[in-house]
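Laboratory data are not the source of any read-out in this text; all were calculated from the coordinates shown. Note that the structure is a prediction, hence the values are computed from the model and not measured. Using ideal geometry, Cβ is built from the backbone for each residue, glycine included, and neighbour counts are taken over all protein chains shown.
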Amino acid sequence: MSAEIIDGKELALEIRKNLKEKILRLKKAPKLVVILAGDDEASKIYVRNKQKAAAEIGIETELFRFEENSSQKQLEELIDRLNQDKDVNGILLQLPVPAHINGNALLERIDPAKDVDGFHPFNIGLLQNGANKATIAATPKGVLRLIKSVKKDLTGLNAIVIGRSVIVGKPMAMLLLNENCTVIIAHSHTKDLKELCLKADIVVSSTGCGKMVKADWIRKGATVIDVGICRDENGKLCGDVDFESVKEVASYITPVPGGVGPMTIAMLLENTIEAYLKQRG
């Protein structure tokens, strides 16, 4: 039998509905500020989607746009000002930033309490320590929610995370460890990747290499989460996983698009509300 499709759109809509109801009970709407530097077209689309989703559930947003030639100092001064603004609950620096800008330094400058992306070293450290008060990066947080929508208890399961980025791979591995999984982090230099995948009950892939994960890499009955996104030879959106073949082996699988993407935005909104509530005790 074909795998059950884990519908990220449906789950994200349910989460956003619950968040909207929560906001209606607050005395004041949470406020999210987005900083966009440069002219990256994909970033502009992502920012519009985030602002639209926030507005739909009642989160106030404000966008600060900077030209490609803007300076590090200009961005730092804005972040310092937003850190001090009690009306601002979340600060999001849209990546990537122009090449001459030190993005890591800007991320580290954001107040950890307002770091709704979960990229500040303080929040990364809290997650590493297993603390439940960490702000967790939106994509891995959404991935875990997708997995737990079909598997409530992950204790003792073998998991492999393909990709070791700070944005997805590393926090994903920590989240699965915190759920009592045995976790392998794989990457472009990993030997015998296929054999390692075949031992996994859970496969999370976030490499951006189209259709890299084939059916003969997957253990029968595994749960497969595809974080990657690119275009195939026909210009059609696809992920890391060869969906059509893998769905005949796996028990559960996410599609691309419509899997992880909607959950990432939903988790960003949830992080913003959580930041608001923490800041107000």
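Using only Cα coordinates, the Kirkwood hydrodynamic radius of the chain works out to 19.5 Å. Length available on full extension from Ser71 to Ala42: 0.36 nm per residue minus the Cα-Cα distance, which gives 8.3 nm. Toward the positive end of the charge dipole of region 97-222, with +1 on the Cβ of Lys and Arg and -1 on the Cβ of Asp and Glu, the farthest Cα among Val213, Val161, Pro98 is that of Val213.
Taking other residues whose beta carbon is less than 14 angstrom from the beta carbon of Ile167, and scoring Lys, Arg as +1 and Asp, Glu as -1, yields +1. Extension gain, Ala55 to Ala99, is 12.8 nm, computed as 0.36 nm per intervening residue step minus the present C-alpha separation.
Within the listed set Ile253, Ile184, Ile124, the residue fluctuating most in the Gaussian network model of the chain (springs between alpha-carbon atoms under 10 angstrom) is Ile184.
Residue separation of Cys209 and Asn132 scaled by 0.36 nm, minus their Cα-Cα distance, works out to 24.5 nm of gained length. Taking Cβ atoms as reference points and 15 Å as the exclusive limit, the residues near Lys247 contribute a net charge of -4, counting Lys and Arg as +1 and Asp and Glu as -1. Among the trypsin sites (Lys or Arg not before Pro) in region 178-281, those placed in a DSSP loop whose Cβ has at most 16 other Cβ atoms within 10 Å are Lys191, Lys199, Lys214, Lys220, Lys236, Arg280.
Placing +1 on the Cβ of every Lys and Arg and -1 on the Cβ of every Asp and Glu, with nothing else charged, gives region 150-249 a dipole about its Cα centre of roughly 160 debye. Note on the chain: helix-only mean residue ellipticity at 222 nm, from DSSP H runs of 4+ residues weighted -39500 (n - 2.57) and normalised by residue number, equals -12500 deg cm²/dmol.
Dividing the C-alpha radius of gyration of region 110-256 by 2.2 N^0.38 Å, with N its residue count, gives 1.03. Centroid-to-centroid, using Cα positions, region 14-45 and region 154-224 are 30 Å apart. Under 18 Å Cα to Cα from Lys114, which lysines show up? Leave out anything in the same chain fewer than 8 places away. Within the straight-line cut-off, Lys114 pairs with Lys28, Lys31, Lys50, Lys86, Lys133, Lys141, Lys278. GNM, the chain, Cα, under 10 Å: largest mean-square fluctuation among Asn158, Asn123, Asn69? The residue that fluctuates most here is Asn69. Taking other residues whose beta carbon is less than 15 angstrom from the beta carbon of Ser206, and scoring Lys, Arg as +1 and Asp, Glu as -1, yields +2.
Between Arg25 and Lys191, the C-beta separation translates, for a Förster distance of 41 Å, into a calculated FRET efficiency of about 0.20.
Normalising the Debye intensity of region 142-189 to I(0), with uniform scatterers on Cα atoms only, and taking log10 at q = 0.14, 0.16, 0.23, 0.26 Å⁻¹ returns -0.31, -0.40, -0.80, -0.98. Taking the Cα centre of the chain as reference, the dipole from Cβ charges on Lys and Arg (+1) and Asp and Glu (-1) amounts to some 800 debye.
Ordering Val249, Asn180, Leu198 by Cα displacement along the dipole of region 137-261 toward the positive end leaves Asn180 in first place; charges were set at the Cβ atoms of Lys, Arg (+1) and Asp, Glu (-1). In terms of its alpha-carbon gyration tensor, region 28-117 comes out oblate; a/c meets the 1.5 threshold, while b/c is at least as large as a/b.
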